Amino acid sequence: MKKVIHIHAIFLFVVFLSTGLFAQSGKPQVENSKITIPINTKLIISVENNNGTLNNFKLLEKEKVNKPIYMMSSFEDIEKEEVVSNEIELSFSYADWLDSKMIVLTTVQHLEQTIHFKAKIKLKDSNRYFETSIVDVYPNVISMEQWQDDIESIILYDFVIVED
């Protein structure tokens, strides 16, 4: 009887632990200078510029992206006004480009200077993150990174101002 109870206790512990781990992968996390974004999530964060390094991130808004973006029309949907603020808009979601399906990270930043950051992606059915390349992001311009891989989440980190 004790052996059966012990096995059930272990089973419940494993179920509880794995449920907690899977739940964590679905929530965006904004830390001092690192952001983890699950697929189908849009975030607006504020940042501080400390001698060319961006940190002290604060989450201002988050929302679920419910349907793939249509890349041909996404450029038309962006407001084309010059805004200066300490905010960065990030959207990590599925996208349609003609007949292709892909995953995109769109970034619009409203600082006065170009920024750069590093990124790691976590593929579905993988337990680790892989580095990926990211282009510089100019002020008030939409930047789109795209992948054909089936990605579960992305980590963005090491945000810096690009020197002229």
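The values are calculated or read from the model by the stated rules, or taken from the named source; none is laboratory data. This structure is a prediction, so every number in the text was calculated from the model and none was measured. A quick note on method: Cβ atoms are made from the backbone with ideal geometry, for glycine too, and the neighbour counts reach across all protein chains shown.
Some points to look at:
- Residues being at positive phi and modelled with pLDDT of 95 or more - total across segment 128-164: 1
- Which listed residue is surrounded by 14 or more Cβ atoms within 10 Å (Cβ to Cβ) and of a type in the set (Lys, Arg), from LYS120, LYS101: LYS120
- Any hit, segment 66-81, residues being at pLDDT below 95 and of a type in the set (Val, Ile, Thr): yes
- Strands (runs of 3 or more DSSP E) completely within segment 81-145 that count 1 or more residues being among the aromatic types (Phe, Trp, Tyr) and under 26 Å from GLY26 (Cβ atoms): 87-97, 115-123, 129-132
- Condition met for ASP125 (in contact with a strand residue (DSSP E or B) (Cβ under 9 Å, 6 or more places away or on another chain), at pLDDT below 95 and not hydrophobic (A, V, I, L, M, F, W, C)): yes
- Each residue in segment 27-53 was checked for being among the hydroxyl-bearing types (Ser, Thr, Tyr), buried (at least 17 other Cβ atoms within 10 Å of the Cβ) and touching a residue at least 60 places away in the same chain (Cβ under 8 Å), and 2 pass.
- Selected residue (criterion: modelled with the lowest pLDDT) from residues of segment 104-117 that are more than 17 Å from PHE92 (Cα to Cα) and crowded, with 19+ Cβ neighbours inside 10 Å: LEU111
- Filtered residues of segment 132-158 (kept if more than 21 Å from SER93 (Cβ to Cβ) and either in contact with a Phe, Trp or Tyr (Cβ under 7 Å, 6 or more places away or on another chain) or surrounded by fewer than 13 Cβ atoms within 10 Å (Cβ to Cβ) (or both)): ASP136, ASP158
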